[in-house]
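Beneath this line is the structure, given in structure tokens, with notes to follow.
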Amino acid sequence: MALHMVSTQSVEKAPEKEKDEESEDESEVLEESPCGRWHKRKEQVNQGNMPGIASTFLAMDTEEGVEVVWNELQYTDKRILKSHEDKIRTMFQNLMVVEHPNVVKFHKYWLDVKETSARVVFITEYVSSGSLRQFLKKTKKNRKTMNAKAWKRWCTQILSALSYLHSCDPVIIHGNLTNDTIFIQHNGLIKIGSVWHRVFANELPVPDDLRTPLKCLRDEQRTKHFFPPEYGCAEDSTAVDIYSFGMCALEMAVLEIQANGDKVTEENVTKAINSLEDLNMKEFILKCLSVSEEKRPSAHNLLFHRVLFEVHSLKLLSAHCFLNTPYITQDNLLEEKTKLIDPQAVMASVPRKGQSPMLWRYSQVSSMELDKFLEDVRNGIHPLMNFAVSRPHVLPRTLSQTQEDLQTAKTPTPEPVEVETRKVVQMHCNLERREDKARIHLTLYLKLEDKLHRHLSCDLLPHESSQTLASELVHYGFISEEDCQKMANFLEDALHKHRPPLN
């Protein structure tokens, strides 16, 4: 059976350009990926991915119509790459299945091995609004401190990403968390990048001629205060990221930590901490910056610190349930519903002994504030996973390619097959009888947990089972393995209801 997919995401599509500009755009394309989907452009970008290595280019995802980052790591001697090929593949396959709204998405990688040289190319999400450090510098021109609500939202999103990475199996330690490797989108969504830098820096040998020693030294001095005292002296642990996060939180609060030249000293950090007026904020940051790594809290525990815990879990759960309701398809649905409510009607009351009950009326709730909160939840700014019990996230293995795929691949080192890891949160289907009366046309509508929508369609013959179709959906990467049986049961129920009248 042939499956056809249309995917839609909440991203801004690049506007269509006039015909007289098309030839110019085509001339800017330096290279294409082996599969033809990714087009490398001339413009170089800085996404904080690989400090000391400048081979990061803007590229175009021709399927989704969005800009991405084309990263290159050059090896002048292909023997170095070949000797670590298995480790590179394992690392990249783990990164490809990392799915979190606050982590820069890792799309694809491939190894390009030539006779005299070799390189690793990997495609990552492009966050066009820039790094958090750039944003703080712009903000500092107009104010002395950061807005407390924005600071709390940012800290929550960064900790949500770290909590996810630290609970992966195997554990993913960032190891390079600074305000240069944290990015902000126009809607306030925070994403951390450079997740793969630690593996390159600590585990894979990078040829010396690829480094720019002056640039590395300058960056090291400028960001040295982000790393804990034990960094480089002992094996990395998740506590390294907590210390770095604490320094990021401090810099976000004061907008800039004053430095002596290019170096931020311990005295500069202490002065910045003492300038904080909020005692809860100060205590929160000091916990993260504890000299003893054993005393630093986990990212998951920090999410429940009193300085961050603003949105009650019941309120957040209600918002997610509302947004995941099948009939919620219109953005203005909330506005339409609130128009039907009597503003003087009682929404809630609290009984009091010897007094009249305390009443809350609908008129006391701002629909605009509620709209903004729901929009933030929809954009991933208040992820529900923060309040889940911390448990290991086992990274699924990617499917190995068949021998036939290997023989027909365009390069000696073909790209790995993608496996869907996101859960299906909604599923709907439509069944129509074909004119030949022997087939049923199935249209399947899926909504994944990251708000991705998929529309799939195919023709079913009488002998084909729902279990077979569900297995094919898993095989082609449309749904995860965990959703296979749920999908099979859903399709079986739908077919059971629709087949009798068709016969």
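The values are calculated or read from the model by the stated rules, or taken from the named source; none is laboratory data. Only a predicted model underlies this, so the values are computations on that prediction, with no experimental measurement involved. Quick reminder, even Gly has a Cβ in these numbers, built from the backbone with ideal geometry, and neighbours come from all protein chains shown. Remember, those area values only see protein heavy atoms, side chains included, never the ligands or the DNA or RNA. Shrake-Rupley method; radii C 1.70, N 1.55, O 1.52, S 1.80 Å.
Between Ala345 and Glu472, the FRET efficiency from the beta-carbon distance, with R0 = 35 Å, is close to 0.10. For the range 148-195, the calculated P(r) over all alpha carbon pairs, in 5 Å bins from 0 to the bin holding the longest distance, is 5, 20, 30, 25, 13, 6, 1 percent.
Site pair Lys114 and Lys271 shows an inter-label distance of 5.1 nm when each label is modelled 7 Å from Cα along Cα→Cβ. The simple Förster model, with R0 at 60 Å and r as the Cβ-Cβ distance, assigns His496 and Asn142 a FRET efficiency of 0.45. Taking every protein chain into account, the 1.4 Å probe leaves His496 with about 130 Å² of accessible area, to the nearest ten. All Cα-Cα separations within the range 26-150 were binned at 10 Å from zero, giving a P(r) of 11, 36, 32, 14, 6, 1, each value a whole percent of the pairs.
Over the range 68-152, Cα pairs under 8 Å with separation of 6+ residues give a relative contact order of 35 percent. Bridgeable lysines around Lys339 (alpha carbons under 23 Å apart, same-chain partners fewer than 8 residues away excluded): Lys315, Lys372. Among the listed pairs Lys141/Lys224; Lys105/Lys447; Lys105/Lys144, those whose Cα-Cα separation exceeds 23 Å are Lys141/Lys224; Lys105/Lys144. Considering only protein heavy atoms and a 1.4 Å probe, what is the carbon-and-sulfur percentage of the accessible area of the range 128-174? That fraction is 48 percent.
Assuming R0 = 30 Å, what is the FRET efficiency of Ser465 and Asn324, from their Cβ-Cβ distance, to the nearest 0.05? For Ser465 and Asn324, the calculated efficiency is 0.55.
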